[in-house]
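Chemist: Quick one: this structure, given as structure tokens, is what I'll be asking you about.
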Amino acid sequence: MPDQLRNLAYRPQNFRDLAETDLGRAIWSYLKEHDNQIRMETATLLERAAVEPLAAGLVAEFGEDISDDRTKQMIGHMVRQVMEALGYEIARTALRITRPSLFTSGTTYRPVGSDPRSMKITREQREAWVKNTKHSAFNVWLNKQVRDENGDLLLERLYAVAKKYGIEKRYDKLNPGQQRMNIGVQLRKLVDPKEYEATV
């Protein structure tokens, strides 16, 4: 993690309720990872929205319920703070993302005080940006237990799995997708990877 991000604290403003959950803290930590920094900066060099190359990894890490609108809005808010800490400023807001993605629009950035025409793209940055991330073994394992044959989330099953691993905390004030993601964040820390990797 870059030094300027290591101790960077998120300023949640209107997203405080979600940011202070296990999910919110996990997303913030995830966005500050070095690989995701490269993805955001490469997208910026390509004059694309910084959130665009994060979509596949976010789904793989947190599950398809990451598509909840408010969660996506918080991610965009977090990305702005990460990019500003890395020395970027907003170039354009609400840029439409035309390729199938978790996000339909996003903000583009440029280095503070830079001439956009002078930006260069390295091979490493391009490869990092185009790299695809598949659904993780963990999410496949969890979804088999908490979703029905139609793919609908069953909260009673979710909390039954949570209880099996000693998680008693409930998130009933959040929507179902946010409940699943918060439980998932905790389960990921508790479940031995051998347990879910063997099922895929």
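Chemist: If we keep just the residues of the stretch 80-96 that are touching a residue at least 12 places away in the same chain (Cβ under 8 Å) and of a type outside the set (A, V, I, L, M, F, W, C), which is least open to solvent (accessible area, probe 1.4 Å)?
Modeler: Here the answer is GLN81.
Chemist: Using the structure shown, decide if ARG99 is open to solvent by 60 Å² or more (accessible area, probe 1.4 Å), part of a helix (DSSP H, G or I) and either at pLDDT 90 or above or more than 24 Å from GLU20 (Cβ to Cβ) (or both).
Modeler: No.
Chemist: Can you name the condition, by its number, that LYS169 falls short on among (1) open to solvent by 20 Å² or more (accessible area, probe 1.4 Å); (2) assigned to a helix (DSSP H, G or I); (3) within 19 Å of LEU23 (Cβ to Cβ)?
Modeler: (2)
Chemist: Test THR107 against the criterion of being assigned to a loop (DSSP other than H, G, I, E, B), at pLDDT 85 or above and within 21 Å of the chain's Cα centre (by Cα), and give yes or no.
Modeler: For THR107, the condition - assigned to a loop (DSSP other than H, G, I, E, B), at pLDDT 85 or above and within 21 Å of the chain's Cα centre (by Cα) - is not met.
The values are calculated or read from the model by the stated rules, or taken from the named source; none is laboratory data. Just so you know, these numbers come straight off a predicted model, no measurement behind them. Every residue, glycine as well, gets a Cβ built from its backbone with ideal geometry; the counts of neighbours run over all protein chains shown. Note: accessible area is taken over every heavy atom of the protein model, side chains too, but ligands, DNA and RNA are not part of it. Shrake-Rupley method; radii C 1.70, N 1.55, O 1.52, S 1.80 Å.
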